[in-house]
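For reference, the structure discussed in these notes is given below.
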Amino acid sequence: MIGKKIREKRQELGMSLKELEEKTGLTRGFLSQVERDITEPSISSLRKIAAALDVPIFYFLMDEKTHDPVVRKDSRRVLNVQDSELTLEMLSPELNRNIQMVIGRLKPGASDCDEPLVHVGEEIILVLEGQMRISLGDFVYELKEGDSVYCHEHIPHKIWNAGEKELVYVSAIANVSILP
């Protein structure tokens, strides 16, 4: 399902696999396997693909448009990429709104990406459980339960679980750009 959405978005933009390769730094062979749902990308790879296609990572969770404003706990869209230590649950009912909210769950010692990444939209992150280490540009901050951090758009950031138990946080991203 993720691969099909990537291929559809890439083709909609008139982008070749070679161009996607150049924008992401991922090989054409790997991208081709992802598009054919032969392999699942890591969260880091999926973020690179989303950035290259100018969509939020959650775009790939969309099955159909819904107009129900309520998101039930047991029916949240969940992104749990194979071999990933990060799970993202959508709290927002739709992706075509100005604010997107997710619950992130990160296993002890894990990070949300390989390299600090940027995205369109300002973000606020609230730590619900555990300990977070976050790099924002050249600065690194330690956060505990109840702490929050504001991330300016286009500032590279990366999250690590700095504790011995699962890190659980809520992230709200405003002014998300879905369409190019």
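Every number in this text was worked out from the coordinates using simple rules, so none of it is lab data. Computed from a prediction, not measured in an experiment: that's the story for all the values here. Glycine also receives a Cβ, built like all others from the backbone with ideal geometry; neighbour counts cover every protein chain displayed.
Give the longest segment of the chain that steers clear of GluC sites (Glu not before Pro) in DSSP loops with at most 11 neighbouring Cβ atoms within 10 Å, not counting the sites themselves. Provide the component values of the computation, followed by the final result.
Values: sites that count: 64, 164.
It runs 65-163.
Pick from 49, 155, 134 the residue whose mean-square fluctuation is largest in a GNM of the chain, springs joining Cα atoms under 10 Å.
In this elastic network of the chain, the residue with the biggest mean-square fluctuation among 49, 155, 134 is 155.
Of the beta bridges DSSP finds with both residues in the chain, what % are antiparallel, to the nearest 5? Present the calculation step by step, with values, prior to reporting the outcome.
Working: 38 of 38 bridges.
The answer is about 100 percent antiparallel.
Exposed loop trypsin sites (Lys or Arg not before Pro) only (DSSP loop, at most 13 other Cβ atoms within 10 Å): please give the longest stretch of the chain free of them, not including the sites.
Working: sites that count: 36, 65, 72, 97, 144, 165.
Within the chain, the longest run free of exposed trypsin sites (Lys or Arg not before Pro) spans 98-143.
Quick one: net charge around residue 124, please, counting Lys, Arg +1 and Asp, Glu -1 for every other residue with C-beta under 15 Å from its C-beta.
Numbers: positive: none; negative: 122, 123, 147, 153.
With Lys, Arg at +1 and Asp, Glu at -1, the net is -4.
Just one of [x] 72, 43, 24; [y] 38, 37, 27; [z] 44, 37, 28 is Cα extents along the principal axes in Å as worked out from the coordinates here. Which one is it?
Answer label, from the structure shown: [z].
Determine, at each q value in 0.16, 0.17, 0.23, 0.24 (inverse angstroms), the log₁₀ of I(q)/I(0) that the Debye formula gives when each Cα of segment 73-174 is one equal point scatterer.
The computed values of log10 I(q)/I(0) come out as -0.66, -0.75, -1.39, -1.49.
If we count every other residue with Cβ under 13 angstrom of residue 155's Cβ, Lys/Arg +1 and Asp/Glu -1, where does the sum land?
On the way: positive: 158; negative: 122, 123, 138, 153.
Net of charged neighbours comes to -3.
Let me check I've understood the local charge: for residue 23, count other residues with C-beta under 14 angstrom from its C-beta, Lys and Arg +1, Asp and Glu -1. What total comes out? Please list the in-between numbers first.
Numbers: positive: 9, 10, 18, 28, 47, 48; negative: 19, 21, 22, 54.
Around residue 23, the surrounding residues sum to +2.
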